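For reference, the structure discussed in these notes is given below.
Each value in this text was obtained by applying a stated rule to the coordinates, not by laboratory testing. Model, not experiment: these values are computed from the prediction. Positions of Cβ are generated from backbone atoms using ideal geometry, with glycine treated the same way; all protein chains shown enter the neighbour counts.
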């Protein structure tokens with residue numbers, strides 16, 4: 001199995017640990033004073049938080065988690081809303097040349113995450129990520 005790695009710079013480690021523990025629905029596997037590591041069981045992902053004194057700009061457009069069905073999109077949306085997150089929903093949207101159902105949440109540093117289901121290809125990309 002291949003596992004993608006994302007190392008995210010953050011200024012508030014505790015707030016980010018709380019956010020990602022809820023998004024991934026599990027706690028980090030390792031926590032240090034300036035670092036936390038998540039290995040989400042349902043994602044082939046090695047995700048780390050790295051404390052920096054300052055984080056400027058956003059070199060990343062967004063992050064996403066693709067799921068297998070609309071039911072999964074709605075399950076995760078409901079789960080995160082119950083935990084107090086505001087979820088911005090986009091259903092039947094043409095994005096990145098695909099017809100998708102999705103919702104978005106934003107982490108403490110302002111990074112956006114989408115949970116999405118791709119229903120099919122599209123030649124349109126009017127409402128893109």
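Taking 78, 109, 42 as the candidate residues, the one with maximal mean-square fluctuation in a Gaussian network model of the chain, Cα springs under 10 Å, is 42.
With the chain treated as a Gaussian network of Cα nodes joined by springs under 10 Å, which of 105, 29, 51 yields the largest mean-square fluctuation? Result: 29 has the largest fluctuation of those listed. Cα-based values for the chain, radius of gyration first and Dmax second, are 15.2, 47 Å. A straight chain from residue 43 to residue 86 at 0.36 nm per residue would run longer than the Cα-Cα distance by 13.2 nm. Axis of helix 70-82 versus longest Cα principal axis of the chain: the two differ by about 40°, to the nearest ten degrees. Relative contact order of the stretch 62-123: 40 percent, from C-alpha pairs under 8 Å at least 6 residues apart in sequence.
Is the stretch 19-90 rounded, prolate or oblate when judged by the Cα gyration tensor, a ≥ b ≥ c being the square roots of its eigenvalues, rounded requiring a/c under 1.5 and prolate requiring a/b larger than b/c? Verdict is prolate for the stretch 19-90. For the chain, the longest principal axis of the alpha carbon atoms and the long axis of helix 13-24 meet at an angle near 40°.
Per-residue extension of 0.36 nm, minus the Cα-Cα distance of residue 122 and residue 52, leaves a gain of 21.2 nm for this segment. Modelled spin-label separation between residue 4 and residue 70, with each label point placed 7 Å from Cα along the Cα-to-Cβ direction: 2.5 nm. How would you classify the stretch 62-123 from its alpha-carbon gyration tensor, with a ≥ b ≥ c the square roots of the eigenvalues: rounded for a/c under 1.5, else prolate if a/b is greater than b/c, otherwise oblate? Since a/c reaches 1.5 but b/c is at least a/b, the shape of the stretch 62-123 is classed as oblate.
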